[in-house]
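A.B. asks: Attaching a single structure in structure tokens format; questions to follow.
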Amino acid sequence: MALLHVDFFSDVLGMCVEMDVILPENTIGQIGMEGKAGAGKWKTLYLLHGMSDDHTIWQRRTSIERYASDKGIAVVMPSTQLGWYTDMYEGMKWYTYIAQELPKICRTFFPNMSDKREDTFVCGLSMGGYGAFKLALRASETFGWGASLSGALDAAEIVKGALGNKDYWHDIFGPADEVKGSFNDLFQAAVDLKKNGKPVPKLYMWCGEQDFLFQHNERMDKHLTELGIEHVYEKSPGDHQWKYWDAKVQTVLDWVLGKEVK
């Protein structure tokens, strides 16, 4: 694998931003790991961070480079600050950046990345789980697969029950009583997906049963089931910790590459 630290300019955001990128490499002489690049264009996983983190966190808390090394898959880890993968009510257009601009930039910088939706995956944890499902449900023409780990999936509930700096949440999502049913509401996004005729992404969810976001995931599972949107939902003992996400990102890598998950 090759690990690249990339600093570049975003026209959408009007500022310099960062991402770390893992690229496949065929190797035969590495000690303790195998490197594969596969044939043809690379499948690509966009791996999103949570609220307290940045683009470096998946490398610091997991062995994502090692997990990806024998998969022949590229991994893009962007920094999106505290923008909730949203075109903020007052602030930056993080959704437009990551849904539209970032894939184009990555495919320009790295022409061997596939531009096919079925080869383009997104996964995230907590806030990043919200982002992953938002991209899969709202931009399914680009992202064919979406995986949420301990996802903060109910934006209306988050804003309604928000503690601390309410100005922050207002700047992200706008007035609290207008979040439900809006573009930023993932439950509404699933309804809209069924109506607008866009391709339906493959969806995966995992959440620990002791996680403070567990009920978000329970409600989303029920909602998707009632809409008839196929998805995989796993739950098991656990809370909001990296030891679980380290294990489950390996499940996600297997899932996007065709291994059945029940």
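The values are calculated or read from the model by the stated rules, or taken from the named source; none is laboratory data. Note that the structure is predicted; figures quoted are calculated from it, not measured. When we count neighbours, we look across all protein chains shown, and the Cβ atoms used for this are built from the backbone with ideal geometry, even at glycine. Note: areas computed on protein heavy atoms with side chains; ligands, DNA, RNA excluded. Shrake-Rupley method; radii C 1.70, N 1.55, O 1.52, S 1.80 Å.
A.B. asks: Only bridges with both residues in the chain count here: give the DSSP antiparallel percent, nearest 5. Mind showing how you got there, number by number?
C.D. replies: Values: 15 of 40 bridges.
Here the antiparallel bridges make up roughly 40 percent for the chain.
A.B. asks: Moving to a separate point now. Please state the Cα pair-distance histogram of the stretch 39-144 with 10 angstrom bins from zero: what percent is in each bin?
C.D. replies: 15, 49, 32, 4, 0
A.B. asks: To the nearest 10 degrees, how steep is helix 214-227 against the longest Cα principal axis of the chain, on a 0 to 90 scale?
C.D. replies: So the inclination is approximately 90 degrees.
A.B. asks: PRE reach from ARG117 (point 7 Å along Cα→Cβ): which of the stretch 67-96 fall under 18 Å by backbone N?
C.D. replies: Those under the cut-off are 96.
A.B. asks: Oh, and also: Excluding same-chain residues fewer than 8 positions from LYS160, which lysines have a Cα within less than 24 Å of its Cα?
C.D. replies: Excluding near neighbours in sequence, the set is LYS93, LYS134, LYS180, LYS222.
A.B. asks: Helix 186-196: angle to the longest alpha-carbon principal axis of the chain, degrees 0 to 90, nearest 10?
C.D. replies: Compared with the principal axis, the helix lies near 80 degrees.
A.B. asks: Using the Karplus curve 6.51 cos²θ - 1.76 cosθ + 1.60 with θ = phi - 60°, work out ³J(HN,Hα) for each residue of the stretch 71-88 in order, rounded to whole Hz, and write x for Gly and Pro.
C.D. replies: 9, x, 10, 8, 10, 10, 10, x, 9, 10, 6, 9, x, 6, 6, 10, 6, 4
A.B. asks: Right, another one. Carbon and sulfur: what percent of the chain's accessible surface (1.4 Å probe)?
C.D. replies: 50 percent
A.B. asks: Report Rg(Cα)/(2.2 N^0.38 Å) for the stretch 193-262, keeping two decimals.
C.D. replies: 1.20
A.B. asks: Right, something else. Can I get the semi-axes of the stretch 1-86's equivalent ellipsoid? Compute them from the C-alpha gyration tensor as square roots of 5 times the eigenvalues, in angstrom, largest first.
C.D. replies: Value: 26, 14, 10 Å, ordered largest first.
A.B. asks: May I ask for the distance between the Cα centers of the stretch 228-262 and the stretch 9-25, given as a whole number of Å?
C.D. replies: 26 Å
A.B. asks: I would also like to ask the following. Could you rank the peptides 3-16, 229-242, 54-67 by their average count of other C-beta atoms within 10 Å per residue, with the highest value first? The partial results should precede the final answer.
C.D. replies: On the way: 3-16: 12.3, 229-242: 15.0, 54-67: 17.9.
Highest to lowest by the protection proxy: 54-67, 229-242, 3-16.
A.B. asks: Still on this model: Helix 127-138 against the longest principal axis of the chain: what's the angle in degrees, Cα atoms only, rounded to the nearest 10?
C.D. replies: Roughly 90 degrees between the two axes.
A.B. asks: Cut-off under 24 Å on the C-alpha distance; same-chain residues fewer than 8 positions from LYS71 excluded. Which lysines are left, in chain and number order?
C.D. replies: LYS36, LYS41, LYS43, LYS104, LYS116, LYS202, LYS243, LYS248, LYS259, LYS262
A.B. asks: With a 1.4 Å probe and all protein chains left in place, how much accessible area per residue does the stretch 1-99 have, in Å²? The partial results should precede the final answer.
C.D. replies: Numbers: 4470 Å² over 99 residues.
Roughly 45 Å² per residue, with all protein chains present.
A.B. asks: Could you work out [θ]222 nm for the chain from helices alone, using -39500 (n - 2.57) per DSSP H run of at least four and dividing by all its residues? Round to the nearest 500 deg cm²/dmol.
C.D. replies: Here the helix-only value at 222 nm equals -9500 deg cm²/dmol.
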